[in-house]
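All remarks here apply to the structure that follows.
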Amino acid sequence: MPALRDAIYGLAVGDALGVPYEFRPRGSFTCTGMVGHGTHDQPAGTWSDDTSMTLATCDSIRACGRVDPADMLERFRAWIDGGAYAIDGVVFDYGNTTARALAAGTGCAGKRDNGNGSLMRTVPLAFTDARDEDIEAVSAITHAHRTSTKACVELVAIARRLAAGVPMREAAGPYTALAERPVREVRSGGF
């Protein structure tokens, strides 16, 4: 499935480009290539929890032949507890909501639990027959608030349109307006 492969490679490369700059204020750096160290003092090309959990999602879908949130939970736990899917088995960063949810075995649903933790690992679902309810259930493994689950549904819909060849402006629909807004009008953070 070349489109899935391309999406995962793109995610992993983008993730590795961003790892050295994580948590730095927008506009305070310029990324011109793959560099190491930075925020987490990792070698160049190291991906983060974003790619590790995406790979766990892909592995679960491959092994189960379907979307199985219980299996994904176990694979996410294998990542956070044992370094599965992480480069050299080293887990160096993850969000508090993700850690709490994986330890408890249930997603966090409070308004302050919203973040991009489930969104960043959702794109593989665009290449399955997952329904909105399935996508929400995958988000809810860690991020169960309606804002997070609905954001994942929206991302998968956009990714499906892009994979079908719909141009970006049309695929993203009303969200393209965000890209056209001045940077000072768009808050930047984990939420």
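Find the eigenvalues of the gyration tensor of the Cα atoms of region 33-115, then list the square roots of 5 times those eigenvalues as equivalent ellipsoid semi-axes, largest first, in whole angstrom. Don't skip to the end; give the middle numbers.
Working: eigenvalues 107, 61, 23 Å².
Semi-axis lengths for region 33-115 are 23, 17, 11 Å.
Per-residue ellipticity at 222 nm for the chain, helices alone: DSSP H runs ≥ 4 residues times -39500 (n - 2.57), over residue total, nearest 500 deg cm²/dmol? Each step should come with its number before you reach the end.
On the way: 8 runs with 92 residues, N = 191.
Calculated mean residue ellipticity at 222 nm is -15000 deg cm²/dmol.
For every other residue with a beta carbon closer than 15 angstrom to the beta carbon of G83, add +1 if it is Lys or Arg and -1 if Asp or Glu, then tell me the sum.
Charge balance in the 15 Å sphere: -4.
For region 94-191, what does the alpha-carbon gyration tensor say about shape, rounded, prolate or oblate, given a ≥ b ≥ c as the root eigenvalues, a/c under 1.5 as rounded, and a/b over b/c as prolate? Kindly include the intermediate steps, with their values, before the conclusion.
Working: a/c = 2.66, a/b = 1.31, b/c = 2.03.
Note, shape of region 94-191 comes out oblate.
Could you calculate the contour length gain from R77 to M168, that is, 0.36 nm times the residue separation minus the distance between their Cα atoms, to one decimal place in nm? Don't skip to the answer; put the middle values down first.
Numbers: separation 91, 0.36 × 91 = 32.76 nm, distance 3.46 nm.
Extra length available between R77 and M168 comes to 29.3 nm.
Would you grab the residues whose amide H sits under 5 Å from the one on H143? Only those 5+ places off in sequence or on another chain, please, with H modelled 1.01 Å from N.
Sorted by chain and number, the residues that satisfy this are C108.
Report Rg(Cα)/(2.2 N^0.38 Å) for region 129-178, keeping two decimals. If you can, show how the numbers build up before the last one.
On the way: Rg = 11.7 Å, N = 50, 2.2 N^0.38 = 9.7 Å.
In units of the globular-protein estimate, region 129-178 measures up at 1.21.
Which cross-chain or sequence-distant (5 or more) residues have an amide H under 5 Å from the amide H of Q42, H modelled 1.01 Å from N in plane?
Close amide H contacts, sequence-distant or interchain: H37.
Evaluate the charge dipole of the chain about its Cα centre and quote only its size in Debye, nearest 20, assuming +1 on the Cβ of each Lys and Arg and -1 on the Cβ of each Asp and Glu.
Rounded to the nearest 20 debye, it is 560 debye.
At a threshold of 8 angstrom on Cα-Cα distance, excluding pairs fewer than six apart, so keeping six or more, what relative contact order does the chain reach in percent? Don't skip to the end; give the middle numbers.
On the way: 242 pairs, mean separation 32.6, N = 191.
Result for the chain is 17 percent.
Give, in nm to one decimal, the length gained when the segment between V186 and R62 is fully stretched (0.36 nm per residue of separation minus the Cα-Cα distance). Numbers along the way, then the final one.
Values: separation 124, 0.36 × 124 = 44.64 nm, distance 3.72 nm.
So the chain would gain 40.9 nm between V186 and R62.
Can you run phi through the Karplus equation (6.51, -1.76, 1.60; θ = phi - 60°) for region 53-67 and list ³J(HN,Hα) in whole Hz, with x for Gly and Pro?
6, 5, 5, 5, 4, 4, 4, 5, 4, 5, 5, 8, x, 6, 7
Treating only the Cβ atoms of Lys and Arg (+1) and Asp and Glu (-1) as charged, compute the dipole magnitude of region 26-120 about its Cα centre; round to the nearest 20 debye.
On the way: 8 positive and 11 negative charges, 70 e Å.
I would put it at about 340 debye.
Pull out the extension gain between A44 and C31, defined as 0.36 nm times the separation in residues minus the alpha carbon to alpha carbon distance; nm, one decimal. Write out the running numbers ahead of the final one.
Details: separation 13, 0.36 × 13 = 4.68 nm, distance 1.24 nm.
Net length gain for the segment: 3.4 nm.
May I ask for the Rg/Rh ratio of the chain, computed from Cα atoms with Rh as the Kirkwood radius, given to two decimals? Intermediate results must be reported in sequence, preceding the final value.
Numbers: Rg = 16.3 Å, Rh = 17.2 Å.
Answer for the chain: 0.94.
Taken together, the values in this text are just the output of simple stated rules run on the coordinates, not laboratory data. Predicted, not measured: the structure shown is a model, and the values here were computed from it. Don't worry about glycine lacking a Cβ; one is built from the backbone with ideal geometry, like all the others, and counts go over all protein chains shown.
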